[in-house]
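J.: Structure in structure tokens, see below.
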Amino acid sequence: MENHVSLWNRTVDIPRRERLNRDMEADAAVIGAGMAGVLIADRLKRRGLRVVVLEASRIGSGQTGNTTAKITCQHGMIYHALIERFGREKARHYADANQQAIREYADLIQERDIDCDFREAPAYLYSGIDAEPLRREAEAAASLGIDASFTTETELPFAVAGAVRFEQQALFHPLKFLQAVSDGLEIYEQTPALTVDDHVIRTEGGTVRAGHVIFACHFPFVNVPGWYFMRMHQERSYVLAVEGDWQPEGMYYGVDPQALSFRAAEGLVLLGGGNHRTGENSQGGRYEALRQQARNLLPDSREAACWSAQDCMTLDGLPYIGSFSPSVPCWHVATGFGKWGMTSSMVAAMIIADRIAGHAPDWAEVFSPSRFELSASAKNLATDTAQAFKGLAREFLTLPRGVLDDLPPGHGGIVEADGRKAGVYKDDEGHCHVVNPRCPHLGCQLEWNPDEKSWDCPCHGSRFSYDGSLIDNPAQENLGT
């Protein structure tokens, strides 16, 4: 079985922390020790609060360890669309927040002398097909105060129709940074939050009573209030790290269908792509498609690592950062970062820590979780709702796709086993791993992802290993058999 471990996890092993084994009180409790949770906790601690961080697995073991680690306000083709959908003032607020986030990283790294391979680099959007949308995007970004310009000159090993170059962006090693910032924080690992009731978080080893509770756990596991499961879906993407002669100075994000992203790290080049909605990859082949593109573009390269990531996508494309719900004023949330989690994590730290201190930034409102712009959200709301009904219908209305004996070694699927519908993975030795293919979150039928050998939920993005062990929330428990 392939071992998909990111470059960052191969080169850093953050020291382990103990589990929570007692009841305690704190000024603030953060659920999740990824980049967002650690930055929020660090900022609150600097303001004099006692902060406890609860992590279900290991520090940085979620999406932070699988990112491509670009610190940038270049978030795809967003600024022209933001101006049209929300107006120039809100678009400028979004631009200002993310530019400030880049400066905050640089200042923090300098102040603490953190060795995390941080370097300034330009960020590019590129297209091999149509230059005109990129010209509009460059003009829109520049009009909002971003140092961005249209160009046809790049380092890419192929011609482009056009590109937008963003100056003064940055790259780093996320786990080296996270290890340094988390060092002085009170973090409990292997301590999943089971329930949250007002100010009290319950875990297997004890409770934490806190004045403020911050959900920084990627996808909030509390369904009501908030209703985040109705306002987000999750998507997966794949990364190939290759060794070769070409090392780009900048970072690149393609806007065409099936286009790649590129950045250099640790003497390697990271190629990213293969995006799909979680639970919609039954045919597989995402890694192989990246390998074929690498062979075409960089014929002398050699594969060094491969891995995948998962991103929460909101209805209107902007993160939800701020009050979890008006009905629970002591709860705060940071989620829906799309594919731009590093910059959004710092934005979340600024908003939530300053909000708790009583003076949120002027631009915080654009990220408010209580917003709903019908023109910007209606289409995606309809799509997400239809997808959820489709996933629920699969559980009750679809038949098994075969019988257990027909499943070849090394494959998985929904089959008939012992007279019932079951999820089965048959390993290379022919041993069968049988699970209940019903997601414990809200009951959608899971789908087999052959690229990751995992069971993925097409409704809300929960994921489970081939043996049923929980990988990604919002589900909170393993699969039954």
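J.: How many angstrom lie between the Cα centre of segment 437-463 and the Cα centre of segment 37-59?
T.: Comparing the Cα centres of segment 437-463 and segment 37-59, I get a distance of 30 Å.
J.: Quick check for me: using +1 on Lys/Arg Cβ and -1 on Asp/Glu Cβ, what's the dipole size of segment 37-147 about its Cα centre, in debye to the nearest 20?
T.: Roughly 540 debye for segment 37-147.
J.: Can I ask one more? Can you pull out the chymotrypsin sites (Phe, Trp or Tyr not before Pro) in segment 128-185 whose DSSP state is coil and whose Cβ has at most 11 other Cβ atoms within 10 Å? Let's see the in-between values first.
T.: Values: sites: PHE150, PHE158, PHE166, PHE172, PHE177; in loops: PHE158, PHE172.
Answer by residue number: PHE158.
J.: Also: Charges only on Cβ, +1 for Lys and Arg, -1 for Asp and Glu: so what's the dipole of segment 189-271 about the Cα centre, in debye to the nearest 20?
T.: Details: 5 positive and 10 negative charges, 86 e Å.
Roughly 420 debye for segment 189-271.
J.: Obtain the nm distance between the two label points defined at ARG295 and ARG209 by a simple spin-label model: each point lies 7 Å from its Cα along the Cα-to-C-beta direction.
T.: Result: 6.3 nm between the two label points.
J.: Using just the alpha carbons, could you tell me how many Å³ per residue the convex hull of the chain encloses?
T.: Values: hull volume 69.8 nm³, N = 481.
Value for the chain: 145 Å³ per residue.
J.: Right, here's the next one. Leaving out ligands, DNA and RNA, and with a 1.4 Å probe, what % of the accessible surface on segment 82-141 is carbon or sulfur? Don't skip to the end; give the middle numbers.
T.: Details: 1190 of 3030 Å².
So the carbon and sulfur contribution to the accessible surface is 39 percent.
J.: Let me check against my output: what whole-number percent is the relative contact order of the chain, with C-alpha pairs under 8 Å and at least 6 apart?
T.: Details: 1093 pairs, mean separation 82.4, N = 481.
Answer for the chain is 17 percent.
J.: Would segment 64-117 count as rounded, prolate or oblate if I go by the C-alpha gyration tensor, calling it rounded below 1.5 in a/c and otherwise prolate when a/b exceeds b/c, oblate otherwise? Write down the numbers at each step before the final one.
T.: Working: a/c = 4.48, a/b = 1.96, b/c = 2.28.
Judged from the Cα gyration tensor, segment 64-117 comes out oblate (a/c at least 1.5, b/c at or above a/b).
J.: A further question on this structure: What part of the accessible area of segment 1-61, given as a whole %, is carbon or sulfur when the probe is 1.4 angstrom?
T.: On the way: 1160 of 2830 Å².
Within segment 1-61, the accessible surface is 41 percent carbon and sulfur.
J.: For an R0 of 45 angstrom, estimate the FRET efficiency from the Cβ-Cβ distance between ARG302 and ARG420 and round to the nearest 0.05. Walk me through the numbers before you get to the answer.
T.: Details: r = 46 Å, r/R0 = 1.02.
Efficiency, from the Cβ-Cβ distance: 0.45.
J.: Moving on. Assign unit charges at the C-beta atoms only (+1 for Lys and Arg, -1 for Asp and Glu), then state the dipole size of the chain relative to its Cα centre in Debye, rounded to the nearest 20. Intermediate values should be presented prior to the final figure.
T.: Working: 46 positive and 64 negative charges, 190 e Å.
The dipole magnitude comes to about 920 debye.
J.: Positive end of the charge dipole of segment 249-322 (Lys, Arg +1 and Asp, Glu -1 on Cβ, about the Cα centre): tell me which of LEU270, ALA305, TYR320 has its Cα farthest that way.
T.: Highest projection toward the positive end goes to ALA305.
J.: Cysteines of the chain lacking any other cysteine beta carbon under 4.7 Å?
T.: Lone cysteines by the Cβ rule: CYS73, CYS116, CYS217, CYS306, CYS312, CYS330, CYS432.
J.: Same structure, new question: Given the Cα-Cα distance of GLU167 and ASN21 and 0.36 nm per residue of separation, how much length would full extension add, in nm? Before the final figure, lay out each step's value.
T.: On the way: separation 146, 0.36 × 146 = 52.56 nm, distance 4.78 nm.
This chain segment gains 47.8 nm when fully extended.
J.: Okay, next question. Rounded to the nearest whole Å², what accessible area per residue is found for the chain with the 1.4 Å probe?
T.: With the other protein chains kept in place, the chain gives 41 Å² per residue.
J.: How far, in nm, would the chain grow between MET230 and ASP198 when pulled straight, counting 0.36 nm per residue and subtracting the alpha carbon separation? The partial results should precede the final answer.
T.: Numbers: separation 32, 0.36 × 32 = 11.52 nm, distance 2.18 nm.
Computed gain between MET230 and ASP198 is 9.3 nm.
J.: If the chain between SER368 and GLU111 were fully stretched, how many nm would it gain, using 0.36 nm times the residue separation less the Cα-Cα distance?
T.: Net length gain for the segment: 89.5 nm.
J.: Can I ask one more? In the chain, which whole DSSP H runs stretch at least 27 Å along their own axis (Cα) and average 0.0 or higher on the Kyte-Doolittle scale? Could you put the intermediate results ahead of the total?
T.: Working: long enough: 88-112 (36 Å, -1.50); 374-397 (34 Å, 0.08).
Those that clear 27 Å and a mean of 0.0 are 374-397.
J.: What distance in nm separates the simple spin-label points at THR481 and CYS432, each placed 7 Å from Cα in the Cβ direction?
T.: 1.2
J.: Any idea how far the Cα center of segment 310-348 sits from the one of segment 128-198, in Å?
T.: 16
J.: I would also like to ask the following. Taking all protein chains in place and a 1.4 Å probe, what share, in percent, of the accessible surface of segment 183-302 do carbon and sulfur account for? Write out the running numbers ahead of the final one.
T.: Working: 2280 of 4870 Å².
Solvent-exposed carbon and sulfur of segment 183-302 make up 47 percent of the total.
J.: Taking loop as defined by DSSP and a crowding limit of 10 other beta carbons within 10 Å, which GluC sites (Glu not before Pro) in segment 73-177 fit?
T.: Numbers: sites: GLU84, GLU89, GLU104, GLU111, GLU120, GLU137, GLU139, GLU153, GLU155, GLU167; in loops: GLU153, GLU155.
Taking segment 73-177 and a limit of 10 other Cβ atoms within 10 Å, the loop GluC sites (Glu not before Pro) found are GLU153.
The values are calculated or read from the model by the stated rules, or taken from the named source; none is laboratory data. Quick caveat, the model's predicted, so the values are computed rather than measured. Every residue, glycine among them, receives a Cβ derived from its backbone with ideal geometry; neighbour counts consider all protein chains shown. SASA here: full protein model, heavy atoms, side chains in, ligands and nucleic acids out. Shrake-Rupley method; radii C 1.70, N 1.55, O 1.52, S 1.80 Å.
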